Amino acid sequence: MALDITLLLEGAGVLGIGVALGYGLSRAAERKHQKALAERDLASLENARREAEGIRREARLLANEEGLKVREQTEQAFARRREELQEAERRLAQREALVNRQLEELVQEEKMLRQQQAEVTRKGETVEHAEQELKSLVTRRKDELAKFSGLSEAEARKLLLKQVEEESMREAANLNRRILEDARSKSETQARRILSLAIQRFAGEHTFETTTATLALEGEEVKGRIIGREGRNIRAFEAATGVTVLIDDTPNAVVISGFDPVRREIARESMQRLILDGRIHPTRIEEVVASVTQEIQEAIQHAGEEAVFKVGLPPLPVELVKLLGRLRFRHSFAQNILDHSVEVAHLAGLLASELGVDVQTAKRGGLLHDIGKAINHEVEGAHAHVGSEILKRYGETEEIVNAVAAHHDEVPTNGALGVLVSAADAISASRPGARSETMATYLKRVASLEKIGASFPGVEKCFAVQAGRDLRVMVQPEAIDDDHAYLLARNIARRIEEELQYPGQIRVTVIRERRCVEFAK
């Protein structure tokens, strides 16, 4: 028991020593930790102090740099200002010198003007004196003329006025005659055009040279096969094609007559195939006519599509394309209407591009402007009106419809397109050789113009230009002076009026040129 107590006491003492030792160690560790923290804080403070010092130095350097930069900018601004002031002073000095020079010039001009005024006054007095002498001379001349002629001044004036009046009357008569001839020529042309269109669209009993097609035959015995027994073959042929076949008018030939050019072409091709085949009877005639009709319709379709492609337009409605193709078989004054329409489309497009108008719309109006000519007599009205109604039915724009209706000035135009189409139509129709005037006739007229111009004395060369509408006459300057050049132009114009027949008017231009040439040796 006593031993146990002793052990307990020793254990308690050891425990107390351990506790005391642990407490002392913990206090020592804590002091060491606090010391480390204090040292770290001191180091951080020192680093912060050093960083602050570095920042302070950098700020001082930046401030110095900014100050230098501001100083340099200020000096540069002052330098520019000094240069501007110097430039302004230089300009002011130049302006002052210019003003001084102008003042000197004004003084000189004023002095010259005074001298000129004095000279003019002196010359005016001289002219006035000369006028008085001239009046005196004129008076004496009149008295002498009256004495020699036996006429007073009033009688001479009356005689002169009478001569002038007679000359004016002759010129007025010539002008009146030219106007009447021009009107007569235009009226005949218009009448031929109307008759041509009416004949092509109307199927009547009358014939015309442009409404026939002639086929050559190898012998007269072929005519018998064409006529057939009791005329049944020729009647079947006429019934199937809608044309008239003339057998006995021309030897070794058969003439096909009809106003519809498409039917006439179908009949011509069918007759040619029947003659080559040799089998001519009503059944065979119907078969051949049906086959040729189908081929012609396909050719019409192809011709219309080709025309649209040539112009460069997007596809048109099928019916309009067919109507365009039918124009391939129609002519106006020997000009193919489909070719004419394509030509008008291109011309209208070129004119539109020059004026800033839509080119595609102009081409469309030009291509379709004569489409009314493809319609037969079953639709009444002028071809321009008929064409506009057709285009309206197929949904064309109001602008194109009006251009087609107005291209012959039958209705007023609503815009520039109608004027362009009308102008392009006139250009295509009036070019030499396009319609009624053949190339041979045109060349003969041009040669006659040049011959008339060269027949006058003093003419060196003579050229007809602008399709025979302008005659350029080059004269010898030593033989013809300026006054006689005007008289020569008038005489040539009168000679042309008397000897030639021509459409419109011809301008005569007399050119007088003097060239002075010298050689440096």
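The values are calculated or read from the model by the stated rules, or taken from the named source; none is laboratory data. Every value quoted in this text rests on a predicted model; they were computed, and no experiment measured them. Note that each Cβ is placed from the backbone with ideal geometry, even for glycine, and that neighbours are counted across all protein chains shown.
Check Val120, Val99, Val107, Val14 and return the single one that is among the hydrophobic types (A, V, I, L, M, F, W, C), modelled with pLDDT under 80 and assigned to a helix (DSSP H, G or I). If you could, list the steps in order and put the result at the bottom.
Values: Val120 fails: modelled with pLDDT under 80; Val99 fails: modelled with pLDDT under 80; Val107 fails: modelled with pLDDT under 80.
Testing whether each residue is among the hydrophobic types (A, V, I, L, M, F, W, C), modelled with pLDDT under 80 and assigned to a helix (DSSP H, G or I) leaves just Val14.
What is the number of the single condition among (1) in contact with a Phe, Trp or Tyr (Cβ under 8 Å, 6 or more places away or on another chain); (2) modelled with pLDDT of 85 or more that Val292 does not meet?
(1)
I need the full set of residues from the stretch 477-490 which are part of a loop (DSSP other than H, G, I, E, B) and either surrounded by 14 or more Cβ atoms within 10 Å (Cβ to Cβ) or within 36 Å of the chain's Cα centre (by Cα) (or both), in order please. It would help to see each step written out before you state the result.
Step one: filter the stretch 477-490 for residues part of a loop (DSSP other than H, G, I, E, B), giving 477-481.
Residues satisfying the conditions are Pro477, Ile480.
Residues are listed down the side, and each one gets a yes or a no for (1) of a type outside the set (Asp, Glu); (2) at pLDDT 85 or above; (3) surrounded by 15 or more Cβ atoms within 10 Å (Cβ to Cβ); (4) over 42 Å from the mean Cα position of the chain (by Cα):
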{"position": "Ala267", "(1), (2), (3), (4)": "yes, yes, yes, yes"}
{"position": "Val308", "(1), (2), (3), (4)": "yes, yes, yes, no"}
{"position": "Val311", "(1), (2), (3), (4)": "yes, yes, yes, no"}
{"position": "Val318", "(1), (2), (3), (4)": "yes, yes, no, no"}
{"position": "Leu323", "(1), (2), (3), (4)": "yes, yes, yes, no"}
